[in-house]
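Peer 1: This structure is in structure tokens; I'll ask about it shortly.
The values are calculated or read from the model by the stated rules, or taken from the named source; none is laboratory data. What you are looking at is a predicted structure, and each value in this text was computed from that prediction instead of being measured. When we count neighbours, we look across all protein chains shown, and the Cβ atoms used for this are built from the backbone with ideal geometry, even at glycine. Ligands, DNA and RNA are excluded from the accessible area calculation, which covers all protein heavy atoms including side chains. Shrake-Rupley method; radii C 1.70, N 1.55, O 1.52, S 1.80 Å.
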Amino acid sequence: MAEPVELRIESHAGTWRLLRDGREVHSFGHVERATHEAVRLAHELIHTGEPATVAVQAADGRLIAIDLTEPERSREAGGDEQAAIMPDRGPSG
């Protein structure tokens with residue numbers, strides 16, 4: 001299985017940078033916009049068969065993984081698609 005594309009959002013000099021495998025893709029003024037774009041890109045990759053992960057850098061430097069599972073939604077019920085933020089399960093330091 002191929003290594004997943006790593007999409008990471010980091011705070012840098014008052015902006016939020018979206019990185020793809022360590023290279024800057026774009027910078028944003030708000031973390032919400034950066035997160036939305038990262039999740040959109042990840043779903044695009046996943047739907048074309050390429051695995052992807054998304055993580056956001058917390059204030060303390062830890063990375064917080066975003067759950068990219070797409071919830072089932074019903075158009076008739078007016079459901080919307082959201083990604084859940086999952087706490088870092090790695091070793092604490």
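Peer 1: Given the Cα-Cα distance of Asp21 and His43 and 0.36 nm per residue of separation, how much length would full extension add, in nm? Could the numbers behind the result be given before it?
Peer 2: Working: separation 22, 0.36 × 22 = 7.92 nm, distance 1.59 nm.
Answer, rounded to one decimal: 6.3 nm.
Peer 1: How much FRET efficiency would the formula 1/(1 + (r/R0)^6) give for Glu50 and Ser11, where r is the Cβ-Cβ distance and R0 is 30 Å, rounded to 0.05? Could you put the intermediate results ahead of the total?
Peer 2: Values: r = 27 Å, r/R0 = 0.89.
With a Förster radius of 30 Å, E is 0.65.
Peer 1: Leaving out ligands and nucleic acids, note down the accessible area per residue over region 1-71 with a 1.4 angstrom probe, in whole Å².
Peer 2: Numbers: 4420 Å² over 71 residues.
The answer is 62 Å² per residue.
Peer 1: Keeping all protein chains in the complex and leaving out DNA, RNA and ligands, what accessible area do you get for Arg17 with a 1.4 Å probe, in Å² to the nearest 10?
Peer 2: The value for Arg17 is about 60 Å².
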